[in-house]
Amino acid sequence: MSLKDKIESVRNQFLADIESFPTAQQEIEDLRVTYLGRKGQVASLFSEMGSLSAEERPKAGQWLNQLKTELAKQFESKVDEMDQGSSSHDPFLDPTLPGITPPLGSIHPLERTLQEIKDIFTSIGFHIAYGPEIDDDYHNFSALNFPEHHPARDMQDTFFVSPDTVLRTHTSNVQIHLMENEDPPIRHIVPGRVYRNEAISFKSYCLFHQVEGIYVDKNVSFGELKGVLEYFVRQMFGPKVKMRFRPSFFPFTEPSAEVDIWSTERNQWLEILGCGMVDPAVFENVGYDSSIWHGYAFGMGVERIAMLKYKIDDIRHFYQGDVRFLEQFK
Amino acid sequence: MIISKQWLNDFVSFDYSTEELADLLSLLGLEAEVDTEIAPMNHVVIGKVKKTEKHPNADKLKLCTVFDGSDTHQVVCGAPNVDTGQTIVFAKEGAVLPGNFKLKKVTIRGVESNGMVCSERELGLSDEHEGILVLDDSFEAGESFTDVIGPLRASVELDITPNRPDAFSHLGVARDIAVKTQQSLTLPEASPVKPTGDKTIPIRMENADDCPRYIGGIMDNITIGPSPQWMVDRLQAAGQRSINNLVDISNYVLLELGHPTHIFDYDKLDRKEIFVRRAQNDETIVTLDEEKRKVSEGQLLITDGQTPIALAGIMGGLGSAVSVKTTSVLIESAYFDPVVIRKGAKSLSMQTEASKRFERGVDPNGADFAFWRVVNLIKALTGGELSSPIMDMYPKKIVAPSIPLRKSELNLIAGCEIENTFIESTLSSLGFALKSGKDEWTCIPPTFRPDIEREIDIIEEIIRVYGYDNIPTDDHLFGPYRIGHPDPELYLNQFRQLMVGFGFRQVYNNSLQNEAISQLSGKTAIPMMNPLSTEMAFLRTALLPGIIQNIDFNVKNGTSDLQLFELGNVHHKWGEGLDHLDESITLAGAVTGDYSSNSVHSSAVIHSIFTIKGYLSQMIESHLGFRLELKEAEHPGFSLCWSIVINGKAAGFMGEISLSWIKALDSNLSSVFGFELSFKPWQNMLKGKQTFKPINAYPKIPRSLNFVMDESVRVGNVLSLIKQKGKKLLVSAKPDDIFRDEKMGENKKSVTFTLEFQSPVKTLEDKDVTPIIDEIIDVVSNQFDAKLRS
């Protein structure tokens, strides 16, 4: 028989032997040794290579290696097959039964939205500051350049705890605390709950959540403010969103602006945040020299952003605790 | 404020659509929305009512013959005011009115009707639907309604910010358009008129600070009548109804120039004198709205020397009001202190078109222009004559400040270079007087811009007109770095994650509650001085009541298994003043129903105090590695209650929610369990650093002990003793079975404890563990009268 025929014969015999693959460990091992062992059939064919001519040898080597690999592979796959089939499970196990399910929790959509806002600003170097919900008139209004008896005070309907103490109407009170306690430069966002004495309806509630931001440094410009807010808006609402800066008025910023984004669905501009350059009067109130320090500030409502993002039509959903609402936010 | 597009065109020319006008104004800082814009409507034309007769089969309907410029139509009309000879708006067959209302030929009570005579509401002009819209007869039948009425009514509504008192007028808005589009502004006719008489009236003020300027003038021979159609249209476009020519003139000038004026019936003034003074306490005045108002020192009054005849800057008095019989008037054009007017109006809870403008600041130096505008209009429209010279009392001349402007500061703020020519032309057309230096200017703002006091105010004006969109965006997001994690409340994230992992849904509840609910916790809630309602008059002192309300809501809406949590601030007071208010961040959770439901695999596990205890134990002991103790306690919120003690610090409560709370929350729930945990007492412990401990690879030796003991013995106490005696080698101990059997005797239980021993330094052998086990058996048997079962 030529070597090639011998190879073929070993292969056929192997295939016949593994057809009725043994179950006992020892028999399996014996079978492996018979063919693939050090003195097995494949090894003995390799030893016959010495009798071949130099021209024949490479070809023969190739065949033998092929045989060895093939046999080893088939053997292993038989062993695997057997291992899998061997566990002695219930023959009547019904895998169509439902799974055993743990309860699902969920994060509130306002928390998610706030986290997203925090992530965007911390990604560009902002830190986060927090402050009190109940504050004195000075920190909520006067220090922010809301003069007493000025129509600007009507812009925010206020809950009073005492004639001089209010539920903060914005988190801007924290920028005053921050600047009173720290020297510039500062670069923070300030999230928190704020209150407005407004009738409750689908679009307004007696409280909401705000994120304010402030950056104070030398040579801060309106151009930079635009850059930071364009970055924010595009991260939040997508790279293609159309936006505009529109002049507005806030007592603690000047120039002031409102940012609108274009809603293709509603075919109109929607206001999403207010911003501006920190008014020099605010710097004077906290003891910063306004001839050296400049800055910008901005503020946005978390509810408003969540409503736009998730297309929520009624602000009251946020505070109802209705699981049919909560479970929708994954 | 509603601004008529056509009115603006008196002062500045443009050809924008109403939409474009709103956009232009918005980008100038005058936030505008389209108020009225008449969409093109086919087959809606001006018609003339040729004949009206009674409908043969209906008392309230009329049969009209309407001429549309070429044909006549028979129309059934139900409006009470339709009459022969009227010029009306006629919607012909085929017309489509707002709301997609299509006109077809119909038969009404047996009579054919072709088309409709329209009301304002049907045309989408306003909500007015009492009767049909009757137009001036100068309109010709057949003209397209959209073409002739459209331009008259087109308007935008402005939301004016407090810094722009000048924009409370058509002229002020027109000025911004003129500046932006680089045109000059055309002023309305207000030339001084030569008086025909020499009447005078003494004018005095008590305090020139309250009323720095007061102009008076007397006009006679006035004939009251309807206003001309153009004025009616203008007022209507701006959202006001025409009353008569005299009253309309004052309103017209207010809307046009933003300067409120007042017209007194001269003959009704008991004393021919004007004295402006503060009210005395308990003085009263009946105002134009027929309200008798009690005034006090806060209010400024116009008096005739004795009796009040007007609330200065707010509203006129009824006694001196003009009527259809008026022939002589005293015209007032004054300037009052903004703060005085604001305080006065606020304390009376009044806000009028006049007070809105005075409290923001009108132009003290525009009072004479407004006066002459009124005089010109009265002369032209009522035939009145000026029978006195202008009497201008201006004891306290108001001058605008001189403000330096540096180009360097402007460029720094803007972040780009703005040309000198742009700066100068913008400021001049805004009404500033300028003196130029080298890249700096001295600017005197116009007195109609009292908001401009500082350099930054001028910078804003320039940038606003330059256009925010024209400022290049700096897309380098640079700034100084700061060491430390950016979020000081990072530590809270793990609790949100744990709660969500436990299968809780997060809620956000209202912080404002009614008094009863806010006081449930036993703490003193902080009340609002001016609450929205009694239901929202106090700040919450605890989170659980809100969560229980959420549970109640959801159970009523069909969900019976609930796990809800909230992480938020609660407040309480422990004295007076800001220093005695406490704000603390709190975590609370409540559950009801099944922890795991009945299924094909297992039967349900229902929530109990043990599921709550399990959450806390996982959170505090397993996750944080802190010591958790639950001590029996009393709390109004819980019928079974334990205080939560973390590393020795009392941090909150847990247990089964009491019936008294559930009733107080207007619910009939049962089996609600919860916890409320304040972070303040132990927050500092959460800031510690975590360090790795080597993994103990030596095997654990398990042991099981089974004691029979009295039912009254608490397993936890036995466990504590076991742990104490187990020393360091005992790494875990827990009860894992409780068994009861009559054979053991009455009120006995058998408890199996599983213990695990492990040493960090060696493999334990029996001889290491046996003595410890023996000691445990000994002390447990003695202390608890327990017997070891073999």
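When only residues in region A:216-240 that are without any contact (Cβ under 8 Å) to a residue 24 or more places away in the chain and closer than 23 Å to A:Asp119 by Cβ count, which is surrounded by the most Cβ atoms within 10 Å (Cβ to Cβ)?
First, pick out the residues of region A:216-240 that are without any contact (Cβ under 8 Å) to a residue 24 or more places away in the chain: A:223, A:226-227, A:230, A:234, A:238-240.
Those still in the list that are closer than 23 Å to A:Asp119 by Cβ too: A:226-227, A:230, A:234, A:238-240.
On the way: A:Lys226: 24, A:Gly227: 20, A:Glu230: 18, A:Arg234: 14, A:Gly238: 9, A:Pro239: 7, A:Lys240: 6.
Among them, the one singled out is A:Lys226.
Within region A:193-202, can you find the residues that are surrounded by fewer than 22 Cβ atoms within 10 Å (Cβ to Cβ) and facing chain B (nearest Cβ under 9 Å)?
A:Arg193, A:Asn197, A:Glu198, A:Ala199, A:Ile200
Checking A:Gly213 against (1) surrounded by fewer than 22 Cβ atoms within 10 Å (Cβ to Cβ); (2) touching a residue at least 60 places away in the same chain (Cβ under 8 Å); (3) at negative phi, only one condition comes out false. Which one?
Only one criterion in (1) surrounded by fewer than 22 Cβ atoms within 10 Å (Cβ to Cβ); (2) touching a residue at least 60 places away in the same chain (Cβ under 8 Å); (3) at negative phi is unmet by A:Gly213, namely (1).
Give just the number: which of (1) more than 24 Å from A:Gln115 (Cα to Cα); (2) under 29 Å from the mean Cα position of the chain (by Cα); (3) open to solvent by 10 Å² or more (accessible area, probe 1.4 Å) does A:Phe252 not satisfy?
If we test A:Phe252 against (1) more than 24 Å from A:Gln115 (Cα to Cα); (2) under 29 Å from the mean Cα position of the chain (by Cα); (3) open to solvent by 10 Å² or more (accessible area, probe 1.4 Å), just (2) comes out false.
Given the conditions (1) in contact with a Pro (Cβ under 7 Å, 6 or more places away or on another chain); (2) modelled with pLDDT under 95, and given that B:Arg482 satisfies all but one, which numbered condition is not satisfied?
(1)
Mind listing whichever residues of region A:134-146 are open to solvent by 10 Å² or more (accessible area, probe 1.4 Å), facing chain B (nearest Cβ under 9 Å) and in contact with a Lys or Arg (Cβ under 9 Å, 6 or more places away or on another chain)?
From region A:134-146, those open to solvent by 10 Å² or more (accessible area, probe 1.4 Å) are A:134, A:136-139, A:142, A:145; that's our starting set.
With the extra rule that they be facing chain B (nearest Cβ under 9 Å), the set shrinks to A:134, A:136.
The one that is open to solvent by 10 Å² or more (accessible area, probe 1.4 Å), facing chain B (nearest Cβ under 9 Å) and in contact with a Lys or Arg (Cβ under 9 Å, 6 or more places away or on another chain): A:Ile134.
Which of the residues that make up region B:534-550 are more than 8 Å from every other protein chain (Cβ to nearest Cβ) and either part of a loop (DSSP other than H, G, I, E, B) or open to solvent by 10 Å² or more (accessible area, probe 1.4 Å) (or both)?
B:Thr534, B:Glu535, B:Ala537, B:Phe538, B:Arg540, B:Thr541, B:Ala542, B:Leu543
For the condition touching a strand residue (DSSP E or B) at 6+ places or on another chain (Cβ under 9 Å), more than 23 Å from A:Pro247 (Cβ to Cβ) and open to solvent by less than 30 Å² (accessible area, probe 1.4 Å), what is the one hit in A:Phe329, A:Phe325, A:Phe298, A:Phe283?
Numbers: A:Phe325 fails: touching a strand residue (DSSP E or B) at 6+ places or on another chain (Cβ under 9 Å); A:Phe298 fails: more than 23 Å from A:Pro247 (Cβ to Cβ); A:Phe283 fails: more than 23 Å from A:Pro247 (Cβ to Cβ).
Matching residue, one of A:Phe329, A:Phe325, A:Phe298, A:Phe283: A:Phe329.
What residue, of B:Leu640, B:Leu630, B:Leu659, is at negative phi, open to solvent by 60 Å² or more (accessible area, probe 1.4 Å) and touching a strand residue (DSSP E or B) at 6+ places or on another chain (Cβ under 6 Å)?
Details: B:Leu630 fails: open to solvent by 60 Å² or more (accessible area, probe 1.4 Å); B:Leu659 fails: touching a strand residue (DSSP E or B) at 6+ places or on another chain (Cβ under 6 Å).
None of the other options fit; the residue is B:Leu640.
Where in region B:14-91 are there strands (runs of 3 or more DSSP E), lying wholly inside it, with at least 2 residues that are within 14 Å of another protein chain (Cβ to nearest Cβ)? Steps first, please.
Numbers: elements: B:31-36, B:44-54, B:62-67, B:72-77, B:87-91.
Ranges flagged: B:31-36.
Looking only at region B:701-713, decide whether some residue is over 27 Å from B:Ile738 (Cα atoms) and without any contact (Cβ under 8 Å) to a residue 60 or more places away in the chain. Outline the logic, then answer.
Our first condition is that a residue be over 27 Å from B:Ile738 (Cα atoms); within region B:701-713, this holds for none.
Checked region B:701-713: no residue is over 27 Å from B:Ile738 (Cα atoms) and without any contact (Cβ under 8 Å) to a residue 60 or more places away in the chain.
Within region A:100-112, can you find the residues that are more than 7 Å from every other protein chain (Cβ to nearest Cβ) and in a loop (DSSP other than H, G, I, E, B)? Spell out how you get there, then give the answer.
Narrowing region A:100-112 to residues more than 7 Å from every other protein chain (Cβ to nearest Cβ): A:101, A:109, A:112.
Across region A:100-112, the qualifying residue is only A:Thr101.
How many residues are part of a helix (DSSP H, G or I) and either small (Gly, Ala, Ser) or facing chain B (nearest Cβ under 10 Å) (or both) if we restrict to region A:233-257? Let's see the steps before the verdict.
Of region A:233-257, the ones part of a helix (DSSP H, G or I) are A:233-237.
If we keep only those that are either small (Gly, Ala, Ser) or facing chain B (nearest Cβ under 10 Å) (or both) too, we end up with none.
Total meeting the criteria: 0.
Residues B:Asn509, B:Asn557: which one is open to solvent by 20 Å² or more (accessible area, probe 1.4 Å) and touching a Lys or Arg at 6+ places or on another chain (Cβ under 8 Å)?
Details: B:Asn509 fails: open to solvent by 20 Å² or more (accessible area, probe 1.4 Å).
Answer to the check: B:Asn557.
I'd like to verify a number: residues in region B:742-790 that are more than 17 Å from B:Arg703 (Cβ to Cβ) and either without any contact (Cβ under 8 Å) to a residue 40 or more places away in the chain or of a type in the set (A, V, I, L, M) (or both), how many?
The initial filter retains those residues of region B:742-790 that are more than 17 Å from B:Arg703 (Cβ to Cβ), namely B:742-749, B:760-762, B:782-785, B:787.
From the residues that got through so far, the ones that are either without any contact (Cβ under 8 Å) to a residue 40 or more places away in the chain or of a type in the set (A, V, I, L, M) (or both) too are B:742-747, B:761, B:782.
Total meeting the criteria: 8.
Can you tell me which residue within region B:282-312, out of those that are open to solvent by less than 10 Å² (accessible area, probe 1.4 Å) and small (Gly, Ala, Ser), is nearest to B:Asp392 (Cα to Cα)?
Filtering region B:282-312 for residues that are open to solvent by less than 10 Å² (accessible area, probe 1.4 Å) and small (Gly, Ala, Ser), the one nearest to B:Asp392 (Cα to Cα) comes out as B:Ala312.
Among the residues of region B:477-507, how many are more than 21 Å from B:His623 (Cβ to Cβ), of a type outside the set (Gly, Ala, Ser) and more than 7 Å from chain A (Cβ to nearest Cβ)? Don't jump to the end; show me each part of the working.
Within region B:477-507, the subset more than 21 Å from B:His623 (Cβ to Cβ) is B:477-484, B:486, B:507.
If we keep only those that are of a type outside the set (Gly, Ala, Ser) as well, we get B:477-478, B:480-483, B:486, B:507.
In the following step, the residues that additionally are more than 7 Å from chain A (Cβ to nearest Cβ) were identified as B:478, B:483.
Qualifying residue count, region B:477-507: 2.
Results for (1) touching a His at 6+ places or on another chain (Cβ under 7 Å); (2) within 14 Å of chain A (Cβ to nearest Cβ); (3) modelled with pLDDT of 95 or more; (4) in a loop (DSSP other than H, G, I, E, B), shown as yes or no for each residue.
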{"site": "B:Gln351", "(1), (2), (3), (4)": "no, yes, no, yes"}
{"site": "B:Arg357", "(1), (2), (3), (4)": "no, yes, yes, no"}
{"site": "B:Phe369", "(1), (2), (3), (4)": "no, no, yes, no"}
{"site": "B:Arg373", "(1), (2), (3), (4)": "no, no, yes, no"}
{"site": "B:Leu381", "(1), (2), (3), (4)": "no, no, yes, no"}
{"site": "B:Asp392", "(1), (2), (3), (4)": "no, no, yes, no"}
{"site": "B:Val399", "(1), (2), (3), (4)": "no, no, no, yes"}
{"site": "B:Glu409", "(1), (2), (3), (4)": "no, yes, yes, no"}
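Using beta carbons and a limit of 6 Å, which pairs, at least six apart or on different chains, have the first residue in region B:338-349 and assigned by TED's automatic domain parsing to the domain that holds B:Pro212 and the second one of a type in the set (Val, Ile, Thr) and not in a helix (DSSP H, G or I)?
Matching pairs, first to second residue: B:Ala345/B:Ile314.
Please enumerate the residues belonging to region B:455-487 that are open to solvent by 70 Å² or more (accessible area, probe 1.4 Å) and either among the acidic types (Asp, Glu) or in contact with a strand residue (DSSP E or B) (Cβ under 8 Å, 6 or more places away or on another chain) (or both).
B:Asp469, B:Asp475, B:Arg482
Could you figure out which of (1) part of a strand (DSSP E or B); (2) over 19 Å from A:His170 (Cα atoms); (3) open to solvent by less than 30 Å² (accessible area, probe 1.4 Å) isn't true of A:Gly274?
Among (1) part of a strand (DSSP E or B); (2) over 19 Å from A:His170 (Cα atoms); (3) open to solvent by less than 30 Å² (accessible area, probe 1.4 Å), A:Gly274 violates only (2).
Going residue by residue through region A:160-176, is there one that turns out to be basic (Lys, Arg), in contact (Cβ under 8 Å) with a residue 24 or more places away in the chain and open to solvent by 40 Å² or more (accessible area, probe 1.4 Å)?
Quick first cut of region A:160-176, residues basic (Lys, Arg) only: A:168.
Next cut, in contact (Cβ under 8 Å) with a residue 24 or more places away in the chain only: A:168.
Next cut, open to solvent by 40 Å² or more (accessible area, probe 1.4 Å) only: none.
So far as region A:160-176 goes, no, none of its residues is basic (Lys, Arg), in contact (Cβ under 8 Å) with a residue 24 or more places away in the chain and open to solvent by 40 Å² or more (accessible area, probe 1.4 Å).
Of these, B:Ala310, B:Ala321, which one is in the same structural domain as B:Gly258 (by TED's automatic domain parsing) and in a strand (DSSP E or B)? Talk me through it step by step, then tell me what you get.
Details: B:Ala321 fails: in a strand (DSSP E or B).
Just one listed residue meets the conditions, B:Ala310.
Across region B:411-422, what is the total count of residues that are away from chain A (no Cβ under 13 Å) and in contact with a helix residue (DSSP H, G or I) (Cβ under 8 Å, 6 or more places away or on another chain)?
Applying the first criterion (away from chain A (no Cβ under 13 Å)) to region B:411-422 yields B:419-422.
If we keep only those that are in contact with a helix residue (DSSP H, G or I) (Cβ under 8 Å, 6 or more places away or on another chain) as well, we get B:420, B:422.
Residues that pass the stated criteria total 2.
Test of understanding: among A:Phe141, A:Phe121, A:Phe126, which residue is in contact (Cβ under 8 Å) with a residue 24 or more places away in the chain and in contact with an Asp or Glu (Cβ under 9 Å, 6 or more places away or on another chain)?
Details: A:Phe121 fails: in contact with an Asp or Glu (Cβ under 9 Å, 6 or more places away or on another chain); A:Phe126 fails: in contact with an Asp or Glu (Cβ under 9 Å, 6 or more places away or on another chain).
Checking each option against the conditions leaves just A:Phe141.
Which condition number does B:Ala525 fail, the rest of (1) more than 7 Å from every other protein chain (Cβ to nearest Cβ); (2) small (Gly, Ala, Ser); (3) open to solvent by 30 Å² or more (accessible area, probe 1.4 Å) being met?
For B:Ala525, the exception is condition (3).
Quick test for you: out of A:His188, A:His139, A:His149, A:His177, pick the one residue that is on the phi > 0 side of the Ramachandran plot and of a type outside the set (Ser, Thr, Tyr).
Values: A:His188 fails: on the phi > 0 side of the Ramachandran plot; A:His139 fails: on the phi > 0 side of the Ramachandran plot; A:His177 fails: on the phi > 0 side of the Ramachandran plot.
That would be A:His149, the only listed residue that is on the phi > 0 side of the Ramachandran plot and of a type outside the set (Ser, Thr, Tyr).
The values are calculated or read from the model by the stated rules, or taken from the named source; none is laboratory data. In this text, all values refer to a predicted model and were calculated from it rather than measured experimentally. Reconstructed Cβ throughout: ideal geometry from the backbone, glycine too, with neighbour counts over all protein chains shown. Just so you know, the surface numbers come from the protein's heavy atoms only, side chains and all, with ligands and any DNA or RNA stripped out. Shrake-Rupley method; radii C 1.70, N 1.55, O 1.52, S 1.80 Å.
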